[in-house]
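To keep things clear, I will list the structure first and then write my remarks on it.
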Amino acid sequence: MLFVCSWRWSQEKYVAVKVNALSQPSRRVSAENELEIMTYVSLVNPQHKGWHFVRKLSDSFTLESASGTHTCLVLEALREPLWLYSKRYVGGVIPPEILKILVQMMLHALDYLHSECRVIHTGWFEIS
């Protein structure tokens, strides 16, 4: 979900809201754990090169429903995925000089998560 929030220096800002599902009781612990990790990652070491390339938690809240309490994360909205970004270029190929910069940013982010936060990123980067 994308929402628009106001900032003092801008007319509007987009954020993403992740609402964690509760199909199983164990998902509640998982959602709370994700909130703790996101909070921790946002604060560990802003001086590290990779800190700027990691998605930050802006806020969080809980949502009550008939099935229980849902932990909701308010996150910075990300840019388009690489597969979509690549369509801007001739033949759908990101030029090497730009791809090199993008890969460096991803590696700095992973280094921040691993060396500073001691967090292992289990997601993947979909490039195709």
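Worth pointing out:
- Here region 77-93 is the region considered, the condition is being surrounded by 11 or more Cβ atoms within 10 Å (Cβ to Cβ) and of a type in the set (A, V, I, L, M, F, W, C), and the residue that is modelled with the lowest pLDDT is Ala77.
- Unmet criterion (only one of (1) modelled with pLDDT of 85 or more; (2) exposed (fewer than 12 other Cβ atoms within 10 Å of the Cβ); (3) assigned to a helix (DSSP H, G or I)) for Asp59: (3)
- Val119 vs. criteria in contact (Cβ under 8 Å) with a residue 12 or more places away in the chain and not in a loop (DSSP other than H, G, I, E, B): no
- Just so you know, in region 79-116 the residues that are without any contact (Cβ under 8 Å) to a residue 24 or more places away in the chain and acidic (Asp, Glu) include one that is farthest from Ile37 (Cα to Cα), and it is Glu97.
- Residue that is nearest to the chain's Cα centre (by Cα), among those in region 34-55 that are more than 22 Å from Ala21 (Cβ to Cβ) and in a loop (DSSP other than H, G, I, E, B): Val54
- Residues that are under 12 Å from Asp111 (Cβ atoms) and small (Gly, Ala, Ser), drawn from region 29-58: Gly50
- When restricted to residues that are farther than 19 Å from Leu113 by Cβ and of a type in the set (S, T, N, Q), region 42-83 contains 6.
- The condition of being modelled with pLDDT under 90, surrounded by 11 or more Cβ atoms within 10 Å (Cβ to Cβ) and of a type outside the set (A, V, I, L, M, F, W, C) does not hold for Ser10.
- Residue within region 101-110 that is modelled with pLDDT of 90 or more, open to solvent by 50 Å² or more (accessible area, probe 1.4 Å), touching an Asp or Glu at 6+ places or on another chain (Cβ under 9 Å) and under 29 Å from Val19 (Cα atoms) present: no
- Unmet criterion (only one of (1) touching a residue at least 24 places away in the same chain (Cβ under 8 Å); (2) touching a helix residue (DSSP H, G or I) at 6+ places or on another chain (Cβ under 8 Å)) for Cys72: (2)
The values are calculated or read from the model by the stated rules, or taken from the named source; none is laboratory data. Since this is a predicted model, take the numbers as computed values, not measurements. Ideal geometry is used to build each Cβ from the backbone, glycine not excepted, and the neighbour counts take in all protein chains shown. Only protein heavy atoms, including side chains, enter the accessible area calculation; ligands, DNA and RNA are left aside. Shrake-Rupley method; radii C 1.70, N 1.55, O 1.52, S 1.80 Å.
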